[in-house]
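What follows is a set of notes on a single structure, which appears directly below.
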Amino acid sequence: MNTTPLLKIGTRGSPLALAQAHAARDALAAAHPALAEPGAMEIVVIKTTGDSVQDRPLSEIGGKGLFTREIDDAQLNGAIDIAVHSMKDVPTVLEDGLSLGCIMPREDVRDAFISTRYKSFADLPEGAVIGSASLRRAAQILGRYPHLKVINFRGNLQTRMRKLEEGVADATMLAMAGLNRMGMAEVATAPMSPEEMLPAVAQGAVGITHREDDDRAREWLTALDCRDSNLRVAAERAFLARLDGSCRTPIAALAEWTGKHRMRLRGLIVRPDGRDPLSTERAWDVLTVADAVAMGDDAASELVERAGDALPVYRGEVMHGGGL
Ligand SMILES: NCc1[nH]cc(CCC(=O)O)c1CC(=O)O
């Protein structure tokens, strides 16, 4: 009998994280007969700072890797071998000693509008309250619908739905990917197009990391990599890497394939109050990760230049800077 697992899989304990870890485990078992044996893999749940702090906006707790730091440590000290992450929550620079082994096939990238009373943002009356902890969502909404009010809103799906029913807010937003993965797509009142709400970098993408020197894990994970998704995420993360000085920047990007080798990238930064959005677009031939990274970097460089002296305002480092 096999008592020591061949592969320990680390994950956060939220229902979404567990659904993603189970999907990763199933994909590994399907790809590698050795891992399909009973007891070959074990799922290890790790609590992160982002899970512990529920009462404050994430942007206020500060620091990068709120949902990854404790998992990185467990990986480096050998308590787990691989870690399954929503790539949206993974800092652009991985912890020293860790590598990204694969990006699994990407889910729906859109955000969902969720309300028990209204059908869409256009339906909301003056002064309606939107619950969101995401600067990116809040800023895009305030920019487009300045008559709405945004309040901080955290917690799992059940908590948020209860707050909507209690009237704490009139509407909220969540990623379609998370709802789909939890089998709760019916909670979405309506998906929002990328034109209405540009998604977060890597939204809908799940990635798996391993220790840099763990060749066995690296090989196992290679079989799970979706190259089309990987290149899209690479472009978006390069865009973020160039722009993000803090996690207080409302920033959004979406790369999509428009032809066999043709990739379109849309990127956006906006002030936290929703004003002065700066957006850009690229359409490049992308054949390698380096091409994808170059495109993301090029798009972000343009926005850095256009923001000029106002860049700290976009980054939320100066809250009331005006006069753009
Ligand atoms: N920040 C939390 C988080 N990280 C990943 C997802 C959803 C799944 C995904 O985007 O891949 C969510 C919740 C949400 O934004 O609705």
Inset, instruction - Would you count, across the chain, every pair of lysines whose alpha carbons are under 29 angstrom apart, provided the pair is eight or more residues apart or spans two chains? - result: 16
Legend entry - For segment 233-314, radius of gyration divided by Kirkwood radius, i.e. Rg to Rh on alpha-carbons: 0.99
Inset, instruction - Return P(r) of segment 111-191 (all Cα-Cα pairs; 10 Å bins starting at 0; whole %; ordered from short to long distances). - result: 20, 58, 22, 1
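Over its Cα atoms, what ratio of radius of gyration to 2.2 N^0.38 Å does the chain give?
Numbers: Rg = 19.9 Å, N = 324, 2.2 N^0.38 = 19.8 Å.
Normalised Rg, Cα atoms only: 1.00.
Where a number appears in this text, it was derived from the coordinates with a stated rule and is not lab data. The structure displayed is predicted, hence computed values, not measured ones.
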